[in-house]
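Report on the structure given below.
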Amino acid sequence: MSRCLVPGSFDPVTNGHMDIIRRAAALFDEVTVGVLHNPEKAGYFPVPKRVEMLEKACAGLKNVRIIAYGGLLARLTRETGIRVVVRGVRGVQDLESETAMARINGTLDPGLETVFLPAFPGFEQVSASMVRQILLFGGDPAAFVPPEVLEDIMAGFAK
């Protein structure tokens, strides 16, 4: 059985994230989406809410499960036995930083492979920080987030 991990902060989940998750679900038998809790970063949405939103957005993907984790990605892959990490890249800067992280993770967990999926046209500029900026200035993020979670995102920002 082929398995992969799609890690990220997903704060909030975007259509770009969902594109990568869907494509990974078509390539692997089992996809684990890992929602990172980084104690050095104050996320906008609490981790349990991010997990809940991802569960809604991924409801139709039967081979996808959502988990929360903290700490090193390499520790999570060792603990779960997952040997492939899937990362989306939007451009050269993403590729450079993701390549550096892949090398570090491969050193910490020898044999761990990282697969890069390039963003499809239309998703290159979509990021969670961009969605937060749109909301901060009173814009409508509907074109950039899954419809299943738009209400949750809007309600979270209204607070």
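The values are calculated or read from the model by the stated rules, or taken from the named source; none is laboratory data. Computed from a prediction, not measured in an experiment: that's the story for all the values here. Quick reminder, even Gly has a Cβ in these numbers, built from the backbone with ideal geometry, and neighbours come from all protein chains shown.
Structural remarks
- Subset tally (residues that are at pLDDT below 95, of a type in the set (Gly, Ala, Ser) and in contact with a helix residue (DSSP H, G or I) (Cβ under 9 Å, 6 or more places away or on another chain)) for region 87-132: 4
- Checking 89, 115, 145, 85 one by one, the residue that is of a type outside the set (D, E, K, R), under 20 Å from residue 33 (Cα atoms) and in contact with a Phe, Trp or Tyr (Cβ under 9 Å, 6 or more places away or on another chain) is 89 and no other.
- Where helices (runs of 4 or more DSSP H) fall entirely within region 54-159, those with at least 1 residues that are free of Cβ contacts under 8 Å to residues at least 24 places away in the same chain, among the acidic types (Asp, Glu) and surrounded by 15 or more Cβ atoms within 10 Å (Cβ to Cβ) are at 92-108.
- Hits in region 5-53 - residues which are under 10 Å from the mean Cα position of the chain (by Cα), of a type in the set (S, T, N, Q) and either within 14 Å of residue 126 (Cβ to Cβ) or surrounded by fewer than 19 Cβ atoms within 10 Å (Cβ to Cβ) (or both): 14
- Inside region 12-46, residues that are modelled with pLDDT of 95 or more and outside any helix (DSSP H, G or I) make up a count of 11.
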